[in-house]
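A quick write-up on the structure given underneath.
The values are calculated or read from the model by the stated rules, or taken from the named source; none is laboratory data. Because the structure is a prediction, the values reported are computed rather than measured. Methodologically, a virtual Cβ is constructed for each residue, glycine included, from the backbone with ideal geometry; neighbour enumeration extends over all protein chains shown. Please note that ligands, DNA and RNA were not included when accessible areas were found on the heavy atoms of the full protein model with its side chains. Shrake-Rupley method; radii C 1.70, N 1.55, O 1.52, S 1.80 Å.
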Amino acid sequence: MGNDICSRVLQFFFWPLFALLRWLRSTTFLKQTANGADGSTIDEDQVTLFSKLSNYWWDEKGNMKGLHTYNELRIPLIIEGLLEVGQIDLPKSQSPLPLQGLKILDIGCGGGILTEALAKLGAETTGIDPSQNLIKVAKIHAEKNSKISNSITYFSETIEEHTKRYPGYYDVIVASEVLEHVNNKELFVQSFAATVKPGGSLFITTPNRTFILWFVLILLTEYISQDLPRGTHQMNMMYTPEETRYLLKKNDCSIIRTRGIAVSMFAWKWYWSQHTRMFYAVHAMRNNQ
């Protein structure tokens, strides 16, 4: 008993110091794979971690509750963005099916939380994820709703694999909370951009590589409250808004808007913020060629 208490005390005091040192190192020295040296976007450790959560994906009060509540912000982000660039008009944006007629790809869809929400708004949606377990969960859950099951297609594959089969195919592509989990971000964004039609929209939401994000999302949420499994996020896998915008521009995309996002971790309530120190969203368009 005494040894166990001693171990917990040491972990409480020394782990934050160790993690802080790792964060400081990661701000300068990113993983080689994150900068595009690896030939694949897959991070096997991350795929394994999220695959283990497949049984809890649709538990709105479990580890994935943050993704469920995130739809309250992600859906308006997409609709308002498409309205801004003229992919939908005002009457349509205010209708029950504002995304009707649009082909939308959800990259890293997991068990389909965002994919289904988009389908319910009329979109012809495709979800891809390298985890076969999560794709199985997504398919089973979608089949329970006959109103949307025929408008959703799922594939267990990477974006670079999907792009080879569907180049320039989609009106809209979304990568929500995915960029921070993939290797070779240059290949990821290159494939991401090549899969949308010229004039189509791309949406990215992702955490920023900052101290406050590390403190709240990793230290508090993964190691103290344990609302998320340890290892879900790694600082050296995250990109800043400047880095993300640079890769999009490099792949012939114009930046429409960057917005800051903040979250109350204990209630998992998301809201727009004037700064991007925690999370951010980027809306871009593929230039006409």
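General observations
- Straight-distance crosslink candidates among lysines, where the alpha carbon sits under 26 Å from Lys92 and sequence neighbours closer than 8 are dropped: Lys103, Lys120, Lys147, Lys197
- Extension gain from Asn145 to Ala267, taking 0.36 nm per residue of separation minus the Cα-Cα distance: 41.1 nm
- Average accessible surface area per residue within the stretch 141-270, 1.4 Å rolling probe, Å²: 39
- 3J(HN,Hα) couplings calculated from phi for the stretch 115-125 with the Karplus curve 6.51 cos²θ - 1.76 cosθ + 1.60 (θ = phi - 60°) are, in sequence order, 4, 5, 4, 5, 5, 5, 9, x, 6, 8, 9 Hz; Gly and Pro show x.
- Sequence of Asp43, Asp89 when ordered by accessible area, the most exposed leading, probe 1.4 angstrom: Asp89, Asp43
- The local environment of Ala123, defined by Cβ-Cβ distances under 11 Å, has a net charge of -2 under the rule Lys, Arg +1 and Asp, Glu -1.
- Placing +1 on each Lys and Arg Cβ and -1 on each Asp and Glu Cβ, with no other charges, gives the stretch 146-242 a dipole about its Cα centre of roughly 180 debye.
- Backbone geometry of the stretch 213-224 corresponds, through the Karplus equation with coefficients 6.51, -1.76 and 1.60 at θ = phi - 60°, to 3J(HN,Hα) couplings of 5, 4, 4, 7, 6, 9, 4, 6, 7, 8, 9, 9 Hz, x marking Gly and Pro.
- Positive minus negative residues near Ser176 (Lys, Arg vs Asp, Glu; Cβ under 14 Å): -4
- 3J(HN,Hα) from dihedral phi, the stretch 277-284, Karplus parametrisation 6.51/-1.76/1.60, rounded to Hz, x for glycine, proline: 5, 9, 10, 8, 10, 10, 10, 10
- Here the peptides 136-148, 192-204, 272-284 are ranked by packing, the mean other Cβ count within 10 Å, and the order with the highest first is 192-204, 272-284, 136-148.
- Trypsin sites (Lys or Arg not before Pro) lying in DSSP loop within the stretch 179-276, provided at most 15 other Cβ fall within 10 Å: Arg230
- Residues whose placed amide H lies under 5 Å from that of Ile256, excluding near-sequence neighbours: His283, Ala284, Met285
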